[in-house]
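To start, the structure under review is shown below, and the notes come after it.
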Amino acid sequence: MRYMVARLTTTPPDMLEVTKAEYGHILAAGRQLQRLTDAEDKLELLIENFIEFEDALLRIALEERASEPIGLVRQYDWAHGRRLLRTLNRRLANLVTAGKLCEDQLGHDIRALGWLTSAEREEYERGKKRILKGCFGFSMVRKLRHHIQHRQLPITGLSVSGDRNQPGEALRYRAIARLEVHRLREDPRFPPAARKKLEEWGSDIAVAPLVYEYLEGIGQLYETYRIVTKKLAAKAEGRLKTTLKRAKEKFGAVDPTVTLLREYAGGAFEQDLQIFKDQLEYRTKLKNKNMKIRRLSNSFVSSQVTLDDSLR
């Protein structure tokens, strides 16, 4: 059997023969990098669900601002309110499901794959325990996910209003999704200690601050994952860059896309893996963007613009 790095866009395809050991190392590096890239893609999936959750709240507030009757008392539309609650619960359910996917599959990567040392795996588990202990929203939303799955949808209240921080300021419209804490007593699986902690905040509490802390906890978990896989990622990326460089020198092409092929004795080929130049850049760019999730509580989105803003 022969082992090839090939450029299949030519006829006949350009071939660079490598040893069996080299082929195995390149193939392993490609699969490792793909696994690391998949992890960042899953976090991006979670972030997209968060954006949709926030978008639903912002849209509700915007519609209230644009349609609130001046000097009149609006008649409450019960059916419309139910539809809004259903939308918010759907967004939240999607978000925590994506979060569960991220958390579980990171753990699978750490435990099941033989690419990391025992010390690196232990470092990840210690980091996860620190996050569970130190990030209240992270641990609480994990419990709410079980509540959603086994008992009921948690968002049962919605307050929408315009208010001012100080007299004379412009009205600030907000939509606040609320959780009635007493309903958690109906769930025997929900830890009483956690429920009592929520009750210290009030009888019904805003869900969004918990969501922000949950996402920040996931972000911290990913940062731990990136730390323990840093050496692995650098080694895999280095091997693939070297392979692409050799292919470029051999084929005389600009940034070629190459394929790993095995040629059998009868002349048949089997394709194992494709390597793209932008594959090496994609994970780094996505990782750098995803790191912002660790600081959600320190910012908010507003469309308010003043004359001073327009003059800048």
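Filtering the stretch 168-187 down to residues that are under 30 Å from the mean Cα position of the chain (by Cα), more than 10 Å from P154 (Cα to Cα) and not β-branched (V, I, T), which residue is surrounded by the most Cβ atoms within 10 Å (Cβ to Cβ)? Looking at the filtered set, the residue picked out is A175.
Scanning the stretch 245-270 for residues that are within 24 Å of R31 (Cβ to Cβ), of a type outside the set (A, V, I, L, M, F, W, C) and without any contact (Cβ under 8 Å) to a residue 60 or more places away in the chain yields K245, K248, D255, E270. Annotation for the stretch 102-111: no member residue is of a type in the set (A, V, I, L, M) and closer than 30 Å to K250 by Cβ.
The rows are residues; the columns are (1) of a type in the set (K, R); (2) within 15 Å of T229 (Cβ to Cβ); (3) touching a residue at least 24 places away in the same chain (Cβ under 8 Å).
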residue	(1), (2), (3)
E120	no, yes, yes
K129	yes, no, no
H146	no, no, yes
Q149	no, no, no
Q152	no, no, yes
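Being at pLDDT 90 or above and of a type outside the set (V, I, T) is the requirement here; does G157 meet it? Walk me through how you get there before you give the answer.
On the way: at pLDDT 90 or above: yes; of a type outside the set (V, I, T): yes.
Spelling it out, G157 is indeed at pLDDT 90 or above and of a type outside the set (V, I, T).
The helices (runs of 4 or more DSSP H) found entirely in the stretch 200-304 that carry 1 or more residues being touching a strand residue (DSSP E or B) at 6+ places or on another chain (Cβ under 8 Å) are 208-228, 230-251. Of all the listed residues (L116, L106, L144), the sole one being over 22 Å from E40 (Cβ atoms) and at pLDDT below 95 is L144.
The values are calculated or read from the model by the stated rules, or taken from the named source; none is laboratory data. This one's a predicted model, so the numbers in the text were calculated from it and none came from an experiment. Quick reminder, even Gly has a Cβ in these numbers, built from the backbone with ideal geometry, and neighbours come from all protein chains shown.
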